[in-house]
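Only one structure is covered here, and it is reproduced in the block below.
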Amino acid sequence: RERDGVTLVEPWHALLADSVVASVPQAERIALHAAAAEEFGGHRALRHRVKAADAADTRLTHDLLTAAQAAVETSNPDYAIELALTALERAGAGTAEEERLLEPVGVIAIRTRRHERVFPLMPAFERLAPSLVRDQILLELYTLTGRMEDATACGDRILADPSTTPDARAIRAVAAEAVARLQLARQDFAAVVAQTELAMRLVAVAPTDPAELADPTLAWLVAPRETETRTLAWRIA
């Protein structure tokens, strides 16, 4: 089966289970899932709450996103992005709740290197109000989809941002390294040296302690050694 452009292969017993479930009337399925959600705890309860599709469950999207972020921290990237996308699906396209969730979901996607799962959401990201986080997400998505000019524009906006918060400095350091990579990919070799010098200066003033950041979901960006090493690699290349 296909989901979000990804082919999923399931064992026979899972397909058989789907057939059995499909034979149960929808009202009964919802009642069963609602009962199971009350009986179980943790991730099992969360799955059943999703299946119950209860409009009164106003905390579901919040709990799904929280579980997704926890899954990232426990190195379960596929489960994390699945939960995050389910939260978006439950929020509904074009809603204020979807708008609130988009940036956190995008951060999960780029952190877990599951960019392809959010490629279909690029128009929704573009509609968000400009922000450093939104532009960092788009910078990576544009780069991977070959939209180099758009990626460069995102990088330029991030680097021109005057904010001096720890979050902003962390994002700028990472973006500066990414712009150098873009220039190399575009064979704009004359600009790479100056860009890598800028990136090194930004890394030097970026936070070194993840606890400095106001948004804990961005703490993984605080990796000065890795960013510095990649920057040097682009200069050598």
Item to check | Helix 224-236 vs. the chain, principal-axis angle (Cα, 0 to 90°, nearest 10) | outcome: 60
Checklist entry - For the chain, modelled as a Gaussian network with Cα springs under 10 Å, which listed residue fluctuates most, Asp188, Asp156, Asp78? => result Asp188
Item to check | Once exposed loop trypsin sites (Lys or Arg not before Pro) are cut out (DSSP; at most 14 other Cβ, 10 Å), longest piece of the chain | outcome: 114-185
Checklist outcome for this item: Expressed as a percent, the accessible surface of segment 119-178 that is carbon or sulfur, using a 1.4 Å probe and the full set of protein chains, is 59
Item to check | Protein-only accessible surface order, largest first, of Phe125, Phe40, Phe189 at 1.4 Å | outcome: Phe189, Phe40, Phe125
Checklist entry - Using alpha carbon centroids, what distance separates segment 202-231 and segment 147-169, in Å? => result 15
Next on the checklist: So, for segment 175-228, what is the accessible surface per residue at a probe of 1.4 Å, expressed in square angstrom?
Outcome noted: 51
Item to check | Percentage relative contact order, segment 139-237, counting C-alpha pairs under 8 Å, at least six apart | outcome: 27
Checklist entry - Rounded to the nearest 500, what is the chain's calculated 222 nm mean residue ellipticity when only DSSP H runs of at least 4 contribute -39500 (n - 2.57) each, over all residues? => result -22000 deg cm²/dmol
Item to check | C-alpha long axis of helix 77-91 to longest principal axis of the chain, angle in ° | outcome: 70
Checklist entry - Once the Cα atoms of helix 132-144 and of the chain are each reduced to a long axis, what angle between those two axes, in degrees from 0 to 90 to the nearest 10, is obtained? => result 90
Checklist entry - Could you give the length gained on full extension between Glu116 and Asp78, defined as 0.36 nm per residue of separation minus the Cα-Cα distance, in nm? => result 12.5 nm
Checklist entry - Hey, got the dipole for the chain? About the Cα centre, +1 on K and R Cβ, -1 on D and E Cβ, debye to the nearest 20? => result 380
Checklist entry - Mean separation of Cα pairs under 8 Å and 6+ residues apart, divided by the residue count of segment 81-161: what relative contact order is that in percent? => result 23
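The values are calculated or read from the model by the stated rules, or taken from the named source; none is laboratory data. The structure presented is a predicted model; accordingly, all values stated were derived computationally and were not measured. In this analysis, Cβ positions are derived from the backbone assuming ideal geometry, glycine residues included, and neighbour counts consider all displayed protein chains. Areas reflect the complete protein model, heavy atoms only, side chains present, ligands, DNA and RNA absent. Shrake-Rupley method; radii C 1.70, N 1.55, O 1.52, S 1.80 Å.
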